[in-house]
1. As an exercise, identify the trypsin sites (Lys or Arg not before Pro) in segment 252-344 lying in DSSP coil whose Cβ has no more than 10 other Cβ atoms within 10 Å.
2. Order by neighbour count: 191, 238, fewest other Cβ atoms within 10 Å first, most last.
3. Among 219, 494, which comes first, second and so on when ranked by fewest other beta-carbon atoms within 10 Å?
4. Please work out the Cα center distance from segment 315-383 to segment 63-134, rounded to the nearest Å.
5. With n ≥ 4 as the cut-off for DSSP H runs, can you work out [θ] at 222 nm for the chain, using -39500 (n - 2.57) per run divided by the number of residues, rounded to the nearest 500?
6. Would you be so kind as to identify all helices of the chain, as entire DSSP H runs, whose Cα atoms reach 18 Å or more along the helix's own axis and whose mean Kyte-Doolittle hydropathy is at least -0.5?
7. What list do you get for 379, 268 if you sort them by fewest beta carbons within 10 Å?
8. Straight-line reach from residue 524: which aspartates and glutamates have a Cα under 13 Å away, not including same-chain ones fewer than 8 places off?
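Read the figures in this text as sums done on the coordinates, not as results from a lab. Remember, predicted model here, so these are calculated numbers, not experimental data. So basically every Cβ, Gly included, is an ideal-geometry build from the backbone, and we count neighbours across all protein chains shown.
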Amino acid sequence: MLQFKVNLPARKFYFTTARNFLILLLLIASSFAVQAQKAKVTDNTLPKPKLVVGIVIDQMRWDYLYRFYDRYGETGFKRLLKQGFSCENTLINYIPSVTAVGHSTIYTGSVPAIHGITDNNWIDRASGKSVYCTSDSAVQSVGTTGKSGQMSPRNLLASTITDELAIASNFQSKIVGVSLKDRASILPAGHTPTAAFWLDDDSGNFITSSYYMQQLPKWVNDFNQAKHIDKLIAKDWHTLYPIETYTQSLPDNAIWEGKFKGETESIFPHLISSVYKNSREDFRDTPFGNTLTLEFAKATLDAYQLGKGSATDFLAINCASTDYVGHMYGPNSVEVEDVYLRLDKDLGAFFDALDKKVGKGNYTVFLTADHGASNSIKFNQAHKIPSENVNTGAIRASLNEYLKGKFDVEKLVTRVSSYQVYYNADLIDKKKLDYNLVKQESINFLRKQPGISFAVDLDNIQAASIPNYIKERIINGYNYKRSGDVQIISDPGWFSGGSTGTTHGLYGPTDTHIPLIFMGWGIKHGATNRETYMTDIAPTVAAFLHIQMPNGAIGKPIVEVLSK
């Protein structure tokens, strides 16, 4: 007689007949069906990364990816390019191209006309008062006794991709913003984050505001007490490699390079340990600000256990020292080359930490910039490229003098900022002047000034005889409640800057052509030279997370980036 022994959960069955063996087969089939159904339910879980990391490199021009490519290691920028998807022709589609606007646009998928962050500072048309983009007197500083913590995202009118992730996860996702700059931490983190932290220069500590929490967590206090800044600057700022190898830069101490206080020449080494004692904000003007930021970001991974829960988390990082160094020295300096070589190593170490803490293939990174930067004016002039300073103070004074002659009223112009003219609306009403006539006379005057290509009435942009490429960017940047009255468009190479270093804010490619690389979960390897925009970043993130786009988004998902 045949005897069959079969192991089923928690029991043993013995069968001695063919009939009973048939029953056995039916039981086995039923057991497999139940297990398959369980697996099917599990397989229906929506695939998603455990963590999204947004890295915005302040003032990083697109060409820096390739200018210094041969000197990068394999774990930083090259890893992004070799493993990720690079959108090689990503442009900013508004003006002015400045920090607060860039971060807001990246994370809202929108433009200043809609999300409301029109500049780092603006004049509120209703009150006539100057407003800083993230200032909020209704909250208190946390971690410092000064006012540097009186900040929040309340001036941002639209939701962010981080807000939409919070909503989609029923607020289970942990969302944190990190930067040296308050605005570059606050605006990306959105309205509903777990936390946002930024650097207080006076104390040298990371702080926050009561908008997020009432006291600093113990881990932040521990990080601050470790005195990382003192350790980073102890050996001063020497070039990472022998200075003669910096062949992508012009010789040190060019006439357009700035100096630290107390320096007589702009040369290496920069004795930052001495400078910092008297000018603590100058720490930002060194590559070590990026190192500090990424070290704090690593601590954030551990403190909030990012990427460890059931919901997708988000870490928004801004490396800001690239901006400070660029402003001080200009794009063609040894200092800028050195800051990117050091940042490359810091990024590599950070990606290694993500691999270990979250797991390679479990996270998605995107890296971009909030804006680029123009070549220094004196650099351009030294190489016979037309370039001059647009002196906005002189423009305001001369325009006021001209309008006084036309209307017999003094100081009709209150401000010229980010290439926009603001008028004293109350004075115009009081004197019963024709507002449109004041603007038209101003435009007639400005058009005749050296270095000015166009002057545009911001209430009637469509009527301006200017290229559509520029017109679209003016429209996208114009918010009636927060923008000026007349937009100035300078000649290429002409911008409002000092005699050293550089700045940004214009529509041209040096200021608006930015890197954009995605890497990791849900991303295929490759590149495109199709024109894409800063406004497309948030919709692309929304697409691979399968969540709603921010409520003011006008961009579109970059479908080439997404793996099936």
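1. For trypsin sites (Lys or Arg not before Pro) across segment 252-344 that sit outside H, G, I, E and B with at most 10 neighbouring Cβ atoms in 10 Å, the list reads 261.
2. Final ranking by Cβ density, sparse to dense: 238, 191.
3. Final ranking by Cβ density, sparse to dense: 219, 494.
4. Measuring centre to centre over Cα atoms gives 13 Å.
5. Helix-only estimate at 222 nm: -10000 deg cm²/dmol.
6. The qualifying helices are 18-43, 288-303, 334-354, 392-407.
7. Fewest to most other Cβ atoms nearby, the residues stand as 268, 379.
8. Excluding near neighbours in sequence, the set is 560.
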